[in-house]
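The values are calculated or read from the model by the stated rules, or taken from the named source; none is laboratory data. Everything numeric in this text was worked out from a predicted model, so none of it was measured. Glycine also receives a Cβ, built like all others from the backbone with ideal geometry; neighbour counts cover every protein chain displayed. Only protein heavy atoms, including side chains, enter the accessible area calculation; ligands, DNA and RNA are left aside. Shrake-Rupley method; radii C 1.70, N 1.55, O 1.52, S 1.80 Å.
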Amino acid sequence: MVYDTYHFSTKEKIVLVAIWIGISGVVAYFFYRSWIVFGIVLLGFPLFLKWQRKSATRKRKWELTLAFREAVVIVAGNLQAGNSIENAFRRAYSDLKSLYGEEADITKEFLMIGRGLENNLVLEKMLLDFGTRSGVEDIKDFADIFAVAKRTGGNLKEIIADTVEIISDKIEMKRSLRILISEKQFEQKIMCVIPFFILIYIGMTSPGYFDSLYHSSSGISIMTACLAAYIVAILWGMKITAIEV
């Protein structure tokens, strides 16, 4: 499996289509009251899909990072219990299966590692391949350290225990930062929908108040400028809160 791109399932695609239809309807109604605009906005679905794919890829990698932390902790525990390094990875599969289920990415990866060991494949090469395919810095670092320790004949039990502790602390710090960032992202989403509630309220309390904005060239120009400013504000807010950790 390669984690640099995300392939949506049929169900996910249907949900995304429904979301984009809703967004198109909101834009067409609140800014133009035009079915033509609705059709034009619908044509932007490929861009929306591309953006969602990037977002899903980032989310998948982060979930894999958290799961990998649990996996290496389990491996370190198996080593402390007296298992060989190969058996420590083999035994980790059953624990990961219980924690995350058979379909989880980390479970599938450790299943492949276990099968590879049964076929006499080299463990460090499989870990290096996993790190490359994952595109996750922490997994790459662990694989590199493990490979060096194997080649130099170091004390794998101590090296892995120390590495697991460092990686766990690093990931925990990232998780804490992501929680803070997600709070700000949620606030931004709330701010993005508030203007529409204001428009709905004014429209209900003062019927026809906005009619002049939808039936004249000057009104259409004003609403287009408002839409452009709204999009810029959203993108700016997303850029501010999209901090990589």
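How far apart, in nm, are the 7 Å Cα→Cβ label points at Val15 and Thr152?
With each label point 7 Å from Cα toward Cβ, the separation is 4.6 nm.
For a quick check of understanding: with a 1.4 angstrom probe and all protein chains in place, what accessible area in square angstrom does Tyr230 have, to the nearest ten?
Surface open to solvent at Tyr230 totals about 50 Å².
Where in the chain are the helices, taken as whole DSSP H runs, whose Cα atoms extend 18 angstrom or more along the long axis and whose Kyte-Doolittle mean reaches at least -0.5?
Within the chain the helices that satisfy the rule are 10-27, 45-80, 105-118, 137-152, 156-205, 217-241.
Give me the percent relative contact order of the chain, please, defined on Cα pairs under 8 angstrom at least 6 residues apart.
So the answer I get is 19 percent.
Quick check: with the 1.4 Å probe, what order do Lys97, Lys61 take by accessible area, largest first?
Lys97, Lys61
Looking at the P(r) of the chain, how many percent of alpha-carbon pairs lie beyond 32 Å?
Across the chain, Cα pairs with separations above 32 Å total 42 percent.
Kindly count the pairs of lysines across the range 89-245 whose alpha carbons are less than 25 Å apart, treating pairs on different chains or eight or more residues apart as eligible.
Taking the range 89-245 as the scope, the lysine pair count is 29.
Could you calculate the FRET efficiency of Ser206 with Lys184 from 1/(1 + (r/R0)^6), where r is the beta carbon distance between them and R0 is 35 Å, rounded to 0.05?
0.55
Report, largest value first, the span of the C-alpha coordinates of the range 96-154 along each principal axis, in whole Å.
Sorted largest first, the three principal extents are 36, 27, 18 Å.
Taking the range 84-155, which GluC sites (Glu not before Pro) meet the DSSP loop condition and have no more than 15 other C-beta atoms within 10 Å?
For GluC sites (Glu not before Pro) across the range 84-155 that sit outside H, G, I, E and B with at most 15 neighbouring Cβ atoms in 10 Å, the list reads Glu102, Glu103.
Between Thr5 and Leu227, what's the calculated FRET efficiency when r is the beta-carbon distance and R0 is 41 Å? Round to 0.05.
Given R0 = 41 Å and the Cβ-Cβ separation, E is 0.85.
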